[in-house]
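Have a look at the structure below, then the notes.
The values are calculated or read from the model by the stated rules, or taken from the named source; none is laboratory data. Since the structure is predicted, the reported quantities are computational estimates derived from the model, not experimental observations. Here the Cβ positions follow ideal geometry from the backbone for every residue, glycine too, while neighbour counts run over all protein chains shown.
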Amino acid sequence: MTRYEPVPLPTGAAEASRAEVTAGVVGWVCAPPLRDLVAAFGGGLPDRLPPAELLEWLDGFSAVYWDFRSRSGSVERDEINVSELPPETVELVGAAATALGLVEPRPAPTHRYDHLLVLGGLARSCLHRTAYAAELVRGGDVTVDEVAALGSFRPLRPAETADLDLPESPGAPLGYEVDVMDVGIRLGFGYAEPAEERASTGPITHHSWAVRSYRPADGPPVHVLAAPSTEPETRRAHTSDTYHFWADEVRPAAGDRVLVVTSQLYVPFQHCDAVRSLRFGYGCRVDTVGLDPARLGATGGTGPQRYAPHQYLQEIRSTVRSMRNLLGAA
């Protein structure tokens, strides 16, 4: 059975130099798991190239072999057509994904944070992530001054909400990703009505934004944000847009500690986006953790969530692209 040593992600430490961040990128890209994955798909990692050229090469290679979303017609992540792989490749992908940080959740590296950011996604993931964030705070795993749920006005598809089994009317109608984030915050933290609501006017477009704020007497304030796209003429808001929208709203101070909560599958690429957006953009210290399904009771399962090989490969490609952007910022 194939096994690898865990490969660390680039540091999100506020005091880390750009050279240290770059070294973390190169270390992850050139690690044995990724080298072996490239070889399994007929390539050879040209690691003597300068870092920028190496990532450009790997971006192109992964576009051909691991971009299942585009191959399926630029669909959502849960709509990718399943691709059959040889058993030995399936085993290799699982071992590599584990070593590269896409499988096993880990606890937050420290206890005290200034900000906790919960990232949006598909509807069920929004509920699981907000529930896990609430579990971390209310269970005393971390103490935070402020919580923010970061989403967008991505329209929900019927398949996302058909079997969510939510209580009646816990919040706004479920039309968009941000609505599910708001429901998750209300359910997880036990909050009722927001103390403040602000939003853009007019029809919902890629320009649209919204902020709902909860300010309880016995817990941290929580903001639920729908971010606009920074390129509204061509696409909807993505992860980095939500980071920047939050930072423009909250104005974190240099040196503030930020804990990002997402699903483990997406930790590597969303951590790199956070380092680029919040470490280099605002001087924050960034840690990123994936939710532990065992902490969510019956809804979460008893161990790390397992995905199909093509899903791991897709998010390894996402990480390569995120690292390429991070290297440009570093």
Would you check which residues across region 232-286 are buried (at least 18 other Cβ atoms within 10 Å of the Cβ) and acidic (Asp, Glu) and list them?
Asp241, Asp256, Asp273
Go through (1) closer than 25 Å to Gly190 by Cα; (2) within 21 Å of the chain's Cα centre (by Cα) one by one and return the number of the condition Arg138 breaks.
(2)
Answer yes if at least one residue in region 47-55 is over 30 Å from Leu259 (Cβ atoms), buried (at least 19 other Cβ atoms within 10 Å of the Cβ) and either of a type in the set (D, E, K, R) or modelled with pLDDT of 95 or more (or both), and no otherwise.
yes
Only listed residue being surrounded by fewer than 18 Cβ atoms within 10 Å (Cβ to Cβ), touching a residue at least 60 places away in the same chain (Cβ under 8 Å) and aliphatic (A, V, I, L, M), chosen from Leu187, Leu225
Leu187
Is it true that some residue in region 295-308 is under 17 Å from His115 (Cβ atoms), free of Cβ contacts under 8 Å to residues at least 12 places away in the same chain and either crowded, with 24+ Cβ neighbours inside 10 Å or not hydrophobic (A, V, I, L, M, F, W, C) (or both)?
no
Do you know which residues across region 250-277 are part of a helix (DSSP H, G or I) and touching a residue at least 60 places away in the same chain (Cβ under 8 Å)?
Val250, Gln264, Leu265, Tyr266, Val267, Pro268, Gln270, His271, Cys272, Ala274, Val275
Looking at region 1-12, which of the residues that are among the hydrophobic types (A, V, I, L, M, F, W, C) and surrounded by 16 or more Cβ atoms within 10 Å (Cβ to Cβ) is farthest from the chain's Cα centre (by Cα)?
Val7
For a quick check of your reading of the model, give me the residue pairs whose first member lies in region 44-60 and is under 12 Å from Cys30 (Cα atoms), whose second is of a type in the set (Gly, Ala, Ser), with beta-carbon atoms closer than 8 Å and at least 6 apart or on different chains.
Leu45/Ala39
Selection over region 195-215 where residues are closer than 16 Å to Glu177 by Cα, outside any loop (DSSP other than H, G, I, E, B) and not charged (D, E, K, R) yields a count of 3
Flagged in region 114-138 as modelled with pLDDT under 95 and within 22 Å of Asp256 (Cα to Cα), in numbering order, are Arg138
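Taking region 171-184, which residues are surrounded by 12 or more Cβ atoms within 10 Å (Cβ to Cβ) and either of a type outside the set (Asp, Glu) or not assigned by TED's automatic domain parsing to the domain that holds Thr234 (or both)?
Across region 171-184, the qualifying residues are Gly171, Ala172, Leu174, Gly175, Tyr176, Val178, Val180, Met181, Val183, Gly184.
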Working carefully through the options Asp218, Asp182, Asp165, find the one that is touching a Pro at 6+ places or on another chain (Cβ under 9 Å) and either of a type outside the set (A, V, I, L, M, F, W, C) or not in a loop (DSSP other than H, G, I, E, B) (or both).
Asp182
